[in-house]
Amino acid sequence: MSTLAVATLHQALRKSFATLESNQKVWKSVLAECSPLMVSLGNLAEQSRALSNVQISNTPLRGFPDLEERLRFKLLEATDIVLGKLNEKMSSLQSARDAISNQVASILHLYEQNAHSLDLLAVTERSTTTPSVADMLEWLQDAERHYRQQYPFLSSVLDVYVIFWYFCPLNSCVQIPEEENSASNTESR
């Protein structure tokens, strides 16, 4: 009975690792798609900062009514679009994380169902070509833990970015002392 249970577990573990691999590809792909969106968000923040630093009424553009408000509206609108796309990507990451968690839960449930027919030797036995059932279960749990920890981290990074750049105009959140600002302008020349 033990060899049948081990064979069933090995088959399920192979399927789990294949699922893990495909979800890892999805995870990496989605992260790669987030990178240009984060750059776009940074560019929009820089444009917002530039808009906050200029007095349009002191420029030749003063003849355009409500120009600053219209530009600010356009920047906020573009920021909303980028944030919407980033939220879609976060949903994809969450789906990949959940698929991995469900797969690991499924394999652990199968192991628990067969635990009574498995002896310690059968679970820990490995060969040069096949790792032990215990090792593979541990690897799956490690992978699941990794993705479970990465998702909240990525989500919190995005939240901090949104709070800092979107809800708090740069010139009111960060005051760069005039001498530092002059020094950086001098260095860049």
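Things to note:
- Within a straight-line Cα-Cα reach of under 18 Å, residue 25 can be paired with the following lysines, leaving aside sequence neighbours fewer than 8 residues apart in one chain: 15, 89.
- Ranking 114, 50, 3 by how far each Cα lies toward the positive end of the dipole of region 1-167 (charges on Cβ) leaves 50 at the top.
- Accessible area in the full protein assembly, largest first, 1.4 Å probe, for 98, 135: 98, 135
- In this entry, region 1-157 is assigned a mean projected area of 11.7 nm², taken as a quarter of its C-alpha convex hull surface.
- Under 5 Å between amide hydrogens, built in the peptide plane, is the criterion, and for residue 54 it picks out nothing among residues at least 5 positions away or on other chains.
- In terms of the mean number of neighbouring beta-carbon atoms within 10 Å, the peptides 70-77, 20-27 order highest first as 20-27, 70-77.
- Charging the Cβ of each Asp and Glu at -1 and of each Lys and Arg at +1, and nothing else, the dipole of region 1-167 about its Cα centre rounds to 400 debye.
- Charge-dipole axis of region 1-167 as Lys and Arg at +1 and Asp and Glu at -1 on Cβ define it, positive-most pick from 60, 22, 127: 60
The values are calculated or read from the model by the stated rules, or taken from the named source; none is laboratory data. Nothing here was measured: the structure is a model prediction, and the numbers come from that model. Methodologically, a virtual Cβ is constructed for each residue, glycine included, from the backbone with ideal geometry; neighbour enumeration extends over all protein chains shown. Heads up: the accessible areas ignore ligands, DNA and RNA and are worked out on the full protein's heavy atoms, side chains in. Shrake-Rupley method; radii C 1.70, N 1.55, O 1.52, S 1.80 Å.
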